[in-house]
Amino acid sequence: MSIETAIVFLPLLAFMIAFLFGKTIGDRGAQLVTCSALIVAAVLACVLFVDVIRDGNTRVTEVAQWVSSGSFVAGWTLRIDQLSTVMIAVITIVSSCVHVYSVGYMSHDKAQARFMAYLSLFTFAMLMLVTADNLLQLFFGWEGVGVASYLLIGFWNYKDTANKAAIKAFIVNRVGDFGLALGLMTCYVLFDTIQFDSIFDQVFGQKDTMFDFLGYQVHGLTLAALLLFMGAVGKSAQLGLHTWLPDAMEGPTPVSALIHAATMVTAGVFLVARFSPLFEFAPFALQVVCVLGGLTAVFAATIGMTQFDIKRVIAYSTMSQLGYMFFALGVSAYGAAMFHLMTHAFFKALLFLGAGSVIHAMSDEQDMRNMGGIYKKIPVTYVLMWIGSLALAGMPFFAGYYSKDMILEAAYADHTNFGMFAFWCGIIAAFLTAFYSWRLLIMTFHGKPRADDKVMSHVHESPAVMVVPLVVLAFGALFAGFFFYPGFVGEIRAEFWGESLRILPENDTVGAAHHVPQWVKLLPIFVGLGGIFMAYVCYLWKPSIPARCVAAFAPIHKLFFNKWFVDEAYDKIFVRPAFVLGSFFFKKGDGVIINAGGVDGLSNASDTVAKVLSRFQTGYVFHYVFVMVMGVLALLSWIVFRLGLN
């Protein structure tokens, strides 16, 4: 068994053991199996990272033949190149930390084995996605991630809110996945193959191909790119298909960290990066990616600074940071987007799990208005949350500083109206990010305690099984940016990425980013410091300011606090009409036509005939003789009638 095969299938094996034999081996056994499998996978992923990145041993490993129909053959293969190796390392390291953390966080849950099994299933699906070597396997992993996320978000199925959140995430993602499916089909029609290498090698030859779509002649590569991006918009919660992300916080906190920090929501970023050879020849699609990413970064940040649920604030932060990654992709800075994906995985998982530690300490309280004054009681969590927040705000010399600043510099270096639009959106989002990050820290840890005495008396630091994964993630939030900068976006980026990212020479914004003016490099730092300063002024030194601002800007605050009323608009435009239409088909179509005229109609007719015939079952012999005579007369009449016809 190859090292890559072991990495991918260890989580699947752990899932099968924990799910099928959870009651036999018990909760501890399931935790031991799943955690051990993921830790081993993470260690092997680090070995694979060195083998591929340093030694250049890229390869495609065939697991089995999957589909064979005539000349069409699709194998189940693992594509191991620089891009997939980076994703494998991020997924397994973060997932192993989440698995271990869950042992402590879910210690009082009644279905611990099932939860650990679902985590491992999700990890396997994600690994299948990033190691795909063809369109079919990519779609399999993509949908597998969707199913596993549905199970995890709705894990506490006794809560109506969790069930609704899981259904919402599933349905909204189906909208994006419909576009993805069309995009994959378009690629097959254009290139007559589902193998990535064959597709990428043909892109240049198809750069001028027009495609008949809905009666219109459109640029083939642009159509394919936009449809693929539609799938990415849904999975990565970009503006328009983002509404599932904050509601998904109804799942347990480890789910939030795993799905919404490092894995599922980054699948869209990976998808666009994987298809970089195609997007490079679809400039209009790149412009759409750039603009939507910039808008998402600001949109999510405006909502995040008004929320009070600690997990929802971090969720909107995730959405905003994904916006950064997408506008980096939109200006062809694929390496910068992947760099921020990697650093963001560490500090965002750290923040989510740190929030879980706070919730655990505060007896499951998530409203920051009911917190405060606890930094002395949980000092380790407090320090680790500071590290995550400094990385998120892009403060020197934390991980986010290197990756976020590179994205902004690349957007500026693009020297287009779209790139400049994204740059200023990123600057605004940087200010708001720093502001709501320190708003969270101050409301959660500082000031006077706002919880009741009973809750405050139970505030305590989390056990070691929860703290150790936080420390591991904190190291990534501290050092990942500095250590990996030269490879991801620095002077050795060409050797680092190899052929896994293909960029046209005139689109090399990462190279141009190293020569932008000094003020472009310093501006994100100063706006970040400005956001931190404003948070201290508003929430620690002059706590009356927020209330006055809410009163003075009530309409704007209402807009931000109610998430720009997107959910309400969707409910009015899509949900209610769908329920009305469904009710009509249920009552008139199913009830009147199918049931009354079909199944129920036949049943009622049969019942009526049976009731008539039952009247002859009286027990009197002369009744039976009468029926027999009538039957003989009917038979003779039929015979005479037939003879008369002949």
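The values are calculated or read from the model by the stated rules, or taken from the named source; none is laboratory data. Here the structure is a predicted model, which means the values were calculated and not measured. Because the Cβ atoms are built from the backbone with ideal geometry, glycine has one as well, and the counts that use them run over all protein chains shown. Remember, those area values only see protein heavy atoms, side chains included, never the ligands or the DNA or RNA. Shrake-Rupley method; radii C 1.70, N 1.55, O 1.52, S 1.80 Å.
Can you name every residue in region 275-319 that is under 23 Å from Phe196 (Cβ atoms) and hydroxyl-bearing (Ser, Thr, Tyr)?
Within region 275-319, Ser276 is the sole residue that qualifies.
In region 522-538, what residues are within 32 Å of the chain's Cα centre (by Cα) and surrounded by 14 or more Cβ atoms within 10 Å (Cβ to Cβ)?
Leu523, Pro524, Ile525, Val527, Gly528, Leu529, Gly530, Gly531, Ile532, Met534, Ala535
Here is a check on your reading of the model: is Ala237 under 23 Å from Leu138 (Cα atoms), modelled with pLDDT of 95 or more and crowded, with 20+ Cβ neighbours inside 10 Å?
When the stated conditions are applied, Ala237 does not pass them.
For the subset of region 68-91 comprising residues that are open to solvent by 20 Å² or more (accessible area, probe 1.4 Å) and hydroxyl-bearing (Ser, Thr, Tyr), which member is modelled with the lowest pLDDT?
That would be Ser71.
If we keep just the residues of region 94-108 that are aliphatic (A, V, I, L, M) and crowded, with 24+ Cβ neighbours inside 10 Å, which is farthest from Leu353 (Cα to Cα)?
Taking the candidates together, the pick is Val94.
For region 396-412, name all the residues that are of a type in the set (A, V, I, L, M, F, W, C), open to solvent by 10 Å² or more (accessible area, probe 1.4 Å) and closer than 24 Å to Gly294 by Cβ.
Correct list: Phe398 only.
Being surrounded by fewer than 13 Cβ atoms within 10 Å (Cβ to Cβ), of a type in the set (Phe, Trp, Tyr) and over 26 Å from the mean Cα position of the chain (by Cα) is the filter here; which residues of region 539-578 pass it?
Within region 539-578, Trp541, Phe553 qualify.
Which of the numbered conditions does Ser332 fail, given that it passes all the others? Conditions: (1) under 21 Å from Tyr101 (Cα atoms); (2) assigned to a loop (DSSP other than H, G, I, E, B); (3) open to solvent by less than 10 Å² (accessible area, probe 1.4 Å).
(1)
Assigned to a helix (DSSP H, G or I), open to solvent by less than 10 Å² (accessible area, probe 1.4 Å) and touching a residue at least 12 places away in the same chain (Cβ under 8 Å), is that true of Phe270?
yes
Kindly list the number of the only condition in (1) closer than 28 Å to Ala474 by Cα; (2) open to solvent by less than 10 Å² (accessible area, probe 1.4 Å) that fails for Trp142.
(1)
Does Lys448 fit the bill of being of a type outside the set (Val, Ile, Thr) and outside any helix (DSSP H, G or I)?
When the stated conditions are applied, Lys448 passes them.
May I ask you to list pairs of residues, at least six apart or on different chains, whose Cβ atoms are under 7 Å apart, with the first in region 601-627 being free of Cβ contacts under 8 Å to residues at least 40 places away in the same chain and the second being among the aromatic types (Phe, Trp, Tyr)?
Every condition considered, the pairs that remain are His623/Phe616; Val627/Phe616.
Residues that are at pLDDT below 95, more than 27 Å from Phe488 (Cβ to Cβ), not in a helix (DSSP H, G or I) and not hydrophobic (A, V, I, L, M, F, W, C): does region 246-266 have at least one?
yes
Please count how many residues of region 602-646 are out of contact with any helix residue (DSSP H, G or I) (no Cβ under 9 Å at 6 or more places or on another chain) and open to solvent by less than 90 Å² (accessible area, probe 1.4 Å).
Going through region 602-646 one residue at a time, the tally reaches 21.
List pairs: first in region 231-256 and in contact (Cβ under 8 Å) with a residue 24 or more places away in the chain, second open to solvent by less than 10 Å² (accessible area, probe 1.4 Å) and of a type in the set (S, T, N, Q), Cβ under 6 Å, 6+ apart or cross-chain?
Within 6 Å, the pairs are Gly234/Asn173; Gln238/Thr296; Leu239/Thr296; Met249/Ser256; Pro254/Ser102.
Open to solvent by less than 10 Å² (accessible area, probe 1.4 Å), of a type in the set (Phe, Trp, Tyr), more than 17 Å from Asp405 (Cβ to Cβ) and assigned to a helix (DSSP H, G or I): does that describe Tyr324?
Judged against the criteria, Tyr324 is not a match.
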